[in-house]
Structure formats: C-alpha cells, structure tokens
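Structure, as structure tokens:
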Amino acid sequence: MAVKLTKNEQKKQKDQLKQFTRYLPTLQLKKQQLQMVIREIEVKVARLKVEQQKLVDGMQDWICVYAENKVFAKDKKLSNLVKIDKVVRVKSNIAGVIIPEFKELTFQEIDYDLNEYPLWVDDGIETLREYARLDALISTLDIQMDLLGKELRTTSQRVNLFEKVKIPEAKTNIKKIRIYLGDQQAAAVVRGKIAKNKSMGAL
C-alpha cells in the first residue's frame with residue numbers, strides 16, 4: 001500500500017512503530033509461556049497414561065479369572081458397578097486463555113450383594129474408578145492443550161506479523177518519508193537561492 005509522503009504520515013508511522021515495538025515483547029513472552037505450559041501438560045499426560053497402564057496391568061489377572069469363570073453370571077460384570085455421575089471442572093486462566101481444570105469425578109452409588117461377587121470386588125471397583133478418574137483428567141488436559149495450542153498459533157502469527165511485516169514496514173516508510181521530506185527541503189532551499197539570485201540580478 002502506497003504511503004503518503006507527509007509530516008503527518010511520518011508522525012503516524014513513528015507512533016505505530018513505537019506501539020509495535022512496545023507490544024512485541026509482551027507477545028513474545030506470552031508465546032514462551034504458552035509453549036512452556038503446553039510442554040508441562042504433555043509431560044503430565046504421558047505420566048498419567050503410564051499410571052493408567054499400570055492399573056490395567058494390575059487388573060489383568062483377576063479380570064481374566066473373573067471373565068473365564070462360568071460361576072459368575074454375565075449380568076454381574078464389574079463394570080456394571082461403576083457408573084460415572086459427573087465430571088466436575090472449574091475454569092482457570094493461563095496466559096489469558098480460559099481453560100477447564102479437572103476438580104473431581106463423581107460416581108453413582110450402586111448397592112450390590114457381596115455374595116454374588118468375588119472377594120476382590122471392592123478393590124476392583126476402586127481400581128476401575130481410579131482408571132475412570134485418570135481418563136477424565138487426561139481428557140481435561142487434552143482440552144487444555146487444544147485451547148492453549150490454538151492461542152499459541154494465534155500468538156505466533158501475531159509475533160511473526162510484528163517482527164517480519166509491521167515493524168520493518170514502518171521503518172521503511174519512515175525512512176522513505178524522511179528522505180522525501182529531506183529532498184523537498186533541499187529543493188526548497190535551492191529554489192529559494194535561485195529566486196534570491198534572480199531578484200539580486202534584477203536589481
């Protein structure tokens with residue numbers, strides 16, 4: 001876009017440059033903060049998935065025994081005793097981004113007859129509940145990463161816009177206007193001298 005070669009435009013470009021250079025460090029800091037938080041969440045998710053796998057590995061023996069034992073009725077599945085009531089999340093703010101934060105997972109209270117289930121039923125229920133809790137926590141962290149990732153992309157685009165377009169453009173425009181105004185001033189001086197010489201010659 002063509003820039004007006006005037007003093008007013010020069011002032012406008014200088015003001016914009018000042019604004020861009022003042023705002024850029026804030027954007028860069030926000031970008032770094034978002035990158036750091038996303039990395040921390042990724043590490044946390046990886047750790048929680050390892051915990052989940054340990055739970056699964058620990059359940060394998062008694063799940064196999066329970067599944068293969070024909071004494072237990074099919075309608076007495078352990079999973080029937082673990083029903084999620086609700087996932088409780090609260091809102092949190094990270095680098096200006098509103099994200100959900102996991103608070104707790106509640107379960108429906110289900111009564112069961114101990115005579116109809118194996119001895120380890122209580123431990124099994126607790127294990128399944130812990131697995132579900134970890135699942136809800138991981139799901140919440142995935143949502144956080146998605147929201148923070150979107151903000152990071154937007155912030156990165158703004159940093160690039162300021163660094164690679166707006167600031168260099170403003171500097172170029174200021175230089176162009178300064179040279180033009182300087183040339184105009186020099187030309188005016190020359191014209192003034194010529195006019196003075198002419199008027200002196202006329203005398």
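Which whole-Hz couplings ³J(HN,Hα) result when phi for each residue of the stretch 187-193 is put into the Karplus expression 6.51 cos²θ - 1.76 cosθ + 1.60, θ = phi - 60°, listed in order with x for Gly and Pro?
Per-residue couplings from phi come out as 5, 5, 5, 4, 4, x, 5 Hz.
Once the Cα atoms of helix 7-68 and of the chain are each reduced to a long axis, what angle between those two axes, in degrees from 0 to 90 to the nearest 10, is obtained?
Compared with the principal axis, the helix lies near 10 degrees.
Step through the residues of the stretch 161-176 one at a time and calculate ³J(HN,Hα) from phi using the Karplus curve (6.51 cos²θ - 1.76 cosθ + 1.60, θ = phi - 60°), rounding each to whole Hz and writing x for Gly and Pro.
For the stretch 161-176, the Karplus-derived couplings read 4, 5, 5, 9, 10, 4, 5, x, 5, 5, 4, 5, 5, 4, 4, 4 Hz, x marking Gly and Pro.
How large is ³J(HN,Hα) for each residue in the stretch 117-132, as worked out from phi by the Karplus curve 6.51 cos²θ - 1.76 cosθ + 1.60 (θ = phi - 60°), to whole Hz, x for Gly and Pro?
With the stated coefficients, the stretch 117-132 comes to 10, x, 4, 8, 4, 4, 5, x, 5, 4, 5, 5, 5, 5, 4, 5 Hz.
In straight Cα distance, which lysines are under 28 Å from Lys171, not counting same-chain residues fewer than 8 positions off?
Within reach: Lys4, Lys7, Lys11, Lys12, Lys14, Lys18, Lys30, Lys31.
Checking the cross-link filter: which lysines have an alpha carbon closer than 30 Å to that of Lys86, excluding same-chain neighbours under 8 positions apart?
Lys44, Lys49, Lys54, Lys74, Lys76, Lys77, Lys103, Lys150
Answer with a single label: of (1) 7; (2) 55; (3) 14, which was calculated as percent of Cα pairs over 32 Å apart from the structure in view?
(2)
Could you tell me how far the Cα centroid of the stretch 108-137 sits from the Cα centroid of the stretch 17-43, in Å?
44
Quickly estimate the mean residue ellipticity at 222 nm for the chain, helices only: each DSSP H run with n ≥ 4 gives -39500 (n - 2.57), and the total goes over all residues, rounded to 500.
Rounded to the nearest 500, it is -25500 deg cm²/dmol.
Using Cα pairs under 8 angstrom and six or more residues apart, how large is the relative contact order of the chain, in percent? Show your work: numbers first, answer last.
Values: 150 pairs, mean separation 72.0, N = 203.
Taking the mean separation of contacting Cα pairs over the length of the chain, I get 35 percent.
Throughout, read-outs are computed from the coordinates displayed, never taken from laboratory work. Only a predicted model underlies this, so the values are computations on that prediction, with no experimental measurement involved.
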